[in-house]
Amino acid sequence: MNIAVLGAQWGDEGKGKVVDLLTPHFAVVARYQGGHNAGHTVYVGDRKIILRLLPSGILHSHVSCAIGNGVVIDPQALFTEIDELGRFGYDVSNRLLISERAHIILPYHRELDLLSEARRGERKIGTTSRGIGPAYEDKIGRRGIRVIDLFDRAGLEQEIRENVQARNRLIKESTLDWRPLFDQMLAYGVRMKPWVTDISVFLAKTSAAGRPILFEGAQGTLLDIDHGTYPFVTSSNSTIGGVCTGLGVSPKMINGVLGVVKAYATRVGEGPMPTELVGTSGDRLRDGGKEFGSVTGRPRRCGWYDAVVARYAARINGLDSVALTKLDVLDGLDDIKVCTGYRYGKDVVSEWPADLNVLAKCEPVYETLPGWSRPSSGVTRYADLPREAQRYIAFLEEITGVPVSIVSTGSGRNDTIIREKSAAAEWFGVAIT
Ligand code: GDP
Ligand code: IMO
Ligand code: MG
């Protein structure tokens, strides 16, 4: 079985933990979009490891990890991450594969990201300032530099020269020299070369040999360039379609889709978030869930579970099943609210609106459920969850229309419930009831 694991909210749902947990059931983990704007946290014992570009399966030595054509790669960030893992004792060198078609983030993309945000002023996106947007702009503008271009000296020189000249025209008083950049990119190419291959061919062969693949998403459905809260989104397709375009695989190769959903909502950066809580309730979730960005350290905006968002993610991605994370963060709350729809004037809106002006006027309609006093933290059997926590999960399943097959009750690998007779139990042949 090849399974896609992707974020169903605004990112940071706990994809890293879930992917790391499921990796022993796969031969390959493949990232299909995004770049080092992602921060996927994995705990191995007490050691915290944050993966940005490398797939979150990389900590398992039997697994190959592929970076697809849909990913944008900052070579320096890639090498830093590889070196960091090396210091932790993880040798990735013989099981990393990088698409020859992936696009490169150059240093000037980062500058353009910062400049674009400064120009937008109060309307800024709140990007991670990693140059992600400008790199994808160059890709779509058909002037991007791909991994394979790093090996074509003459072509690379021309591309870099023209791009730098264009950039110098764009940024007043800029006199960036293309030559050192060219030399740097050639050197990056030399280091990257042993890993570079045709990922589409590799994955097709892997699948044909009956070796299972996990497709790993970065960011989340509401940050998708097409289906998210545009323009407050990232610049790639984090939703299911990105698997096919970002890896060169057929939709028939995706046998199941697992949505990672936090038991409440968070968002980093600007843009609409209907259930956002400001004040002490929001602080309680932020402190309890340690909701600070793993890339930029920014405090995450926190709020109640939003079923309009979850249903939208279920439809766009065809979610078969949900991995519900951070249930333990709700431990000890007297009441827990769930947004079941939005009130817009006299109407109740149950589908996610495209118009941000409409969204701004939407008032969440809440259902209040009782909290639980006995902790769910660290629970590994569904039956051992407090009764109210089970009711909360059943309510989310009902209101969202997707069964929850995995419940995460802590950041560690073991703080996990895989439910009996669930999609996950069927896919992975395990059930910790
Ligand atoms: P990702 O970007 O989707 O991989 O998520 P992040 O790693 O950015 O953020 C999720 C954070 O929550 C990380 O610090 C995880 O270690 C942590 N986490 C994941 N699952 C759980 C859980 O069930 N309970 C708690 N308390 N923390 C969790
Ligand atoms: P993971 O994979 C949460 C947000 C940024 C900003 C917007 C655009 O860890 O879930 P970008 O730098 O991509 O141009 O920023 O997207 N963003 C994320 N938010 N988790 C992420 O990744 C994110 N990657 C980008 O905060 O609002
Ligand atoms: Mg993250």
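Worth pointing out:
- Net length available on complete extension from ASP83 to LYS124 is 11.4 nm, with 0.36 nm assigned per residue and the Cα-Cα distance removed.
- Taking a ≥ b ≥ c as the square roots of the eigenvalues of the Cα gyration tensor, an a/c ratio of 1.5 or more together with a/b no larger than b/c marks the range 165-257 as oblate.
- Sparsely packed loop sites in the range 122-208 (the GluC sites (Glu not before Pro) outside DSSP H, G, I, E and B with at most 13 other Cβ atoms within 10 Å) comprise GLU173.
- Relative protection proxy for 3-11, 420-428, 83-91, from highest mean packing down: 3-11, 420-428, 83-91 (other beta-carbon atoms within 10 angstrom).
- Anisotropy class of the range 309-368 from Cα gyration tensor, a/c 1.5 cut: oblate
- Which of VAL243, VAL358 has the fewest Cβ neighbours within 10 Å, and the rest in rising order: VAL358, VAL243
- Mean residue ellipticity (222 nm) of the chain, computed from DSSP H runs ≥ 4 via -39,500 (n - 2.57), nearest 500: -9500 deg cm²/dmol
- Violating pairs (Cα-Cα greater than 19 angstrom) within the set LYS15/LYS262; LYS124/LYS172; LYS15/LYS139; LYS17/LYS326: LYS124/LYS172; LYS15/LYS139
- D_trans [Stokes-Einstein, Kirkwood Rh over alpha-carbon pairs] for the chain, 4 °C, 1.567 mPa s, µm² s⁻¹: 58
- Per-selection Rg to Rh, the range 35-158 - Cα, Kirkwood hydrodynamic radius: 1.01
- Cα gyration tensor shape for the range 243-380, rounded if a/c is under 1.5, else prolate or oblate: oblate
Every number here is computed from the coordinates shown, using simple stated rules; none is lab data. Predicted model, so just to flag it, every value in this text is computed and none were measured. Please note: Cβ atoms are built from the backbone with ideal geometry, for glycine as well, and neighbour counts cover all protein chains shown.
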